Amino acid sequence: MSHLGTTFRVAAPPEIVFDLIADPSRGPEWQTMVSDMGEISGRPGGVGSSYIGYYKVAGRRLEGRFIVTAAERPNLHQAAGTTRGGWARWTTMIESVDGGSEVRVDLEYELPGEMIGSLFGKLTGNRLEQEFQKTYDNLRKLAEAEARRAGPGSGAGPSSGAGRGAGGLAIADTPDTPSGSDDEGTAAPIVSGPVPANVV
């Protein structure tokens with residue numbers, strides 16, 4: 001089992017950050033390895049809601065199935081996902097700090113067996129870490145842009161209300177592409193929204 005984590009500040013209210021993470025339909029806007037989303041079921045952001053995401057991993061298109069395992073808008077989002085031979089558990093905590101948010105992300109994952117020991121598998125650790133950081137830098141930029149559009153004093157994001165679907169993490173090989181590039185890149189695990197979950 002492997003682990004990745006990061007903590008960063010965002011100049012946007014927790015509600016905006018949460019709604020972006022919890023809405024699977026917006027994943028391709030900030031997750032570097034997500035190519036597109038499939039079926040989305042249940043109330044977005046609600047515990048038990050689920051979605052299917054498609055990721056580019058080592059030049060292949062991988063399907064990941066995710067379920068939201070815990071959610072408390074705007075402070076906690078947790079999702080778990082699985083794909084053939086791999087899993088991920090993801091947790092995101094969001095705190096209000098100095099008029100913005102502090103976001104803490106914790107991801108546990110295991111790569112599909114066929115990638116372990118291969119050249120791709122050896123490269124994945126570093127690549128995954130790079131894409132993980134890039135993905136959350138994209139999220140920060142997107143949330144700050146949403147906050148500017150919403151204007152001062154707006155505590156709600158694009159969709160105020162009881163949260164949205166489940167966000168996710170994607171590992172990609174897109175050096176400077178904010179989200180889903182056509183670059184086939186190296187192997188990378190796929191993860192979904194916050195809190196422990198199983199990934200592809």
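Annotations for the structure displayed:
- Residue count, the range 108-137 (criterion: at pLDDT 85 or above and among the hydroxyl-bearing types (S, T, Y)): 2
- Contacts under 6 angstrom Cβ, first residue in the range 115-144 being outside any helix (DSSP H, G or I), partner modelled with pLDDT under 85 and surrounded by 20 or more Cβ atoms within 10 Å (Cβ to Cβ), 6 or more apart: M115/A187
- From the options G85, G64, G81, G59, residue that is farther than 23 Å from T7 by Cα and within 14 Å of the chain's Cα centre (by Cα): G64
- When we screen V105, V68 for residues that are touching a helix residue (DSSP H, G or I) at 6+ places or on another chain (Cβ under 7 Å), part of a strand (DSSP E or B) and either more than 22 Å from N126 (Cα to Cα) or of a type in the set (A, V, I, L, M) (or both), the only hit is V105.
- Odd one out for P74 among (1) in a strand (DSSP E or B); (2) over 15 Å from the mean Cα position of the chain (by Cα): (1)
- Residue under evaluation R61, criteria (1) closer than 22 Å to P28 by Cβ; (2) assigned to a strand (DSSP E or B); (3) of a type outside the set (V, I, T); (4) modelled with pLDDT of 85 or more, criterion not met: (4)
- Whichever residue in the range 1-52 is buried (at least 24 other Cβ atoms within 10 Å of the Cβ) and part of a strand (DSSP E or B) and, among such residues, is modelled with the highest pLDDT: Y51
- Residue list for the range 28-54, filter: closer than 16 Å to T91 by Cα and small (G, A, S): G45, G46, G48, S49, S50
- Members of the range 76-99 found to be surrounded by fewer than 20 Cβ atoms within 10 Å (Cβ to Cβ) and either modelled with pLDDT of 95 or more or in contact with a Phe, Trp or Tyr (Cβ under 6 Å, 6 or more places away or on another chain) (or both), listed by number: L76, M93, E95, S96, V97
- Residue match in the range 41-49 (condition: polar (S, T, N, Q) and free of Cβ contacts under 8 Å to residues at least 12 places away in the same chain): yes
- Flag if G59 is loosely packed, with under 15 Cβ neighbours inside 10 Å, touching a residue at least 60 places away in the same chain (Cβ under 8 Å), touching an Asp or Glu at 6+ places or on another chain (Cβ under 6 Å) and under 15 Å from F132 (Cα atoms): no
- Cβ separations smaller than 8 Å between residues 6+ apart or across chains give the following pairs from the range 63-76 residues that are closer than 13 Å to A22 by Cβ and of a type in the set (S, T, Y) to residues that are at pLDDT 95 or above and part of a strand (DSSP E or B): T69/Q78; T69/A79; T69/A80.
The values are calculated or read from the model by the stated rules, or taken from the named source; none is laboratory data. Remember, it's a predicted structure, so these values are computed and weren't measured experimentally. Quick reminder, even Gly has a Cβ in these numbers, built from the backbone with ideal geometry, and neighbours come from all protein chains shown.
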